[in-house]
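The values are calculated or read from the model by the stated rules, or taken from the named source; none is laboratory data. Computed from a predicted model, the values in this text were never measured in an experiment. With ideal geometry, Cβ positions are generated from the backbone for all residues, glycine too; neighbour counts draw on all protein chains shown.
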Amino acid sequence: MSDPIGDDSAEALSTADDLLDTARDVLEANWTGRYTRPSQALYPHQWSWDSAFIAVGRAWHDAARARQELETLFEAQWTSGMVPSIVFDPTAPADAYFPGPEIWQSERSPAAPRGRPTSGITQPPIHARAALEVHRRAPPGQRAASLAWLARLYPRLVAQQRYLATARDPRGTGLAAIVHPWESGIDDSPAWDRDFHRIAVPAGDLPPYRRRDLDRAAAADRPTDADYERFIYLLALEREADYDDARVIAASPFLMVDPLFNAIRLWSEHALAEIAGLIGADPAPHRAAAGEIHEALVGKLWVSARQRFCAWDLRRDQREPEDTIVSFGPLLDPDLPPAIVAAICRELASPSFRPRGDGPHYLVPTYDERAADFDPERYWRGPVWLNTNWLVWHGLRQHGQVGLADEIVASSVALVRRSGFREYFDPLDGSGHGSDRFSWSAALFTDMVLANRSRA
Ligand code: 9WN
């Protein structure tokens, strides 16, 4: 793309059939029989929000597996309601991923499922929204099975949301806090650098470990060793607290309110209201919960002097100023005031995220390209990811911003055409980074292209 908005969306979509076939192959190859691995080499277990994204894409051609994907994940839900970020696959080799089950030791928590090792933290609660999308795509002959599935999943989805609204909101702010950057799913984002980089790992505190990700991906694409050490240190503190939420929150040096995480929570509450209507439950509590999150998002995370949503470091009561993809998350709120929607769209179309010039450019970078530490290749510190593209695309369409939304689809198609179903992409030259044949890239590409074709 020589021009950031030059690719013709209609043409890109009509010529994407070969890529849709490859996307299907990727999902097929990564299917284990019960769930889909994010990627064969780098992520050989089940990840929480990956499974939700994957189910959304799969639903277009294999509704039964899409349902199974989410059901498998929720089998490992903790009794607290928490859905763990990783469910470990006992058939994967022990050295397949670090940190593995022997490091997490989820069995230390009485709330963890017995005999099913998981991580001890969560990920963004996109699952209710994903379940609704899966149901909407059910072929007519599967409507009854799909409704029965929704009815089975509903109490689990409600428990997941209730957990976040209670255990993760100890100060009653209306917003859920995360205790580890991995919980955001946007792990290494500059959005919380100021807080995260203050964490000094005491010398000799961590036993030696070997990063497995660097065996399988380029070091320049992955988090630095210093950041990785902080990730593992936080994990160790949470493990020491036996993953007891009150103790973790009291001990964690990282306590962050992420606008994207909470916008996803809100979006899922609206989805739960719709699901409740479909299965004969009461939608009202979900609409009320969404309303409360809306008030808190706008009241506490919108920084009018900066004209953007900012992450909130709860420990220091500071709004983080970095301009990242998480600031666009609240577009998922259908009740966002038009003036705020307009401000977000201005930022998305600004030189920070969509520079106009002679060189190629692809949407949407995950960090302000004009920031001194913008890095077009490193994990969450600049590259385009297809899951954040999908979320922003949904948010824009919901607010009638079809032009910008179509540009995101066109960029996504152009990136995949150029580099395949990579985990993330350099917004400046479109090169692929991280793992290859990445499941959510295949799934969400499928969803964006097919939904756009049918304007579904
Ligand atoms: C840690 C699986 C996961 C995604 C996250 C992404 C990355 C893991 C890692 O991979 O995180 O959970 O080892 O880097 O940041 O969003 O769910 O695809």
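Summary table
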read-out: Considering residues of region 165-209 that are small (Gly, Ala, Ser) and more than 21 Å from Glu238 (Cα to Cα) only, the residue nearest to the ligand (Cβ to nearest atom); value: Ala191
read-out: Listing of helices (runs of 4 or more DSSP H) fully contained in region 1-108 that carry 1 or more residues being over 30 Å from Ala349 (Cβ atoms), modelled with pLDDT of 95 or more and within 14 Å of the ligand (Cβ to nearest atom); value: 17-30, 48-58, 63-75, 101-104
read-out: Residues that are of a type in the set (A, V, I, L, M, F, W, C) and either surrounded by 14 or more Cβ atoms within 10 Å (Cβ to Cβ) or within 28 Å of the chain's Cα centre (by Cα) (or both), drawn from region 139-153; value: Ala145, Leu147, Ala148, Trp149, Leu150, Ala151, Leu153
read-out: Residue check for Ala111: away from the ligand (no atom under 15 Å from the Cβ), among the small types (Gly, Ala, Ser), touching a residue at least 40 places away in the same chain (Cβ under 8 Å) and more than 30 Å from Pro207 (Cβ to Cβ); value: no
read-out: Lone unmet requirement of (1) in contact with a Gly (Cβ under 6 Å, 6 or more places away or on another chain); (2) surrounded by fewer than 18 Cβ atoms within 10 Å (Cβ to Cβ) for Trp104; value: (2)
read-out: Helices (runs of 4 or more DSSP H) (entirely within region 210-257) containing at least 1 residues that are within 13 Å of the ligand (Cβ to nearest atom) and within 30 Å of Leu164 (Cβ to Cβ); value: 213-216, 225-240
read-out: Among residues of region 279-292, those that are part of a helix (DSSP H, G or I) and of a type in the set (D, E, K, R), counted; value: 2
read-out: Exclusive hit being free of Cβ contacts under 8 Å to residues at least 12 places away in the same chain and either closer than 27 Å to Gln46 by Cα or within 14 Å of the ligand (Cβ to nearest atom) (or both), set Ala443, Ala451; value: Ala451
read-out: One residue from Glu322, Glu295, Glu274 being within 21 Å of Ala130 (Cβ to Cβ) and either assigned to a loop (DSSP other than H, G, I, E, B) or touching a residue at least 60 places away in the same chain (Cβ under 8 Å) (or both); value: Glu274
read-out: Considering residues of region 353-406 that are without any contact (Cβ under 8 Å) to a residue 60 or more places away in the chain and among the basic types (Lys, Arg) only, the residue surrounded by the most Cβ atoms within 10 Å (Cβ to Cβ); value: Arg397
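This table checks each residue for (1) in contact with a Ser or Thr (Cβ under 7 Å, 6 or more places away or on another chain); (2) of a type in the set (D, E, K, R); (3) not in a helix (DSSP H, G or I).
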{"residue": "Arg354", "(1), (2), (3)": "no, yes, yes"}
{"residue": "Gly382", "(1), (2), (3)": "yes, no, yes"}
{"residue": "Gly403", "(1), (2), (3)": "no, no, no"}
{"residue": "Arg417", "(1), (2), (3)": "no, yes, no"}
{"residue": "Ala443", "(1), (2), (3)": "no, no, no"}
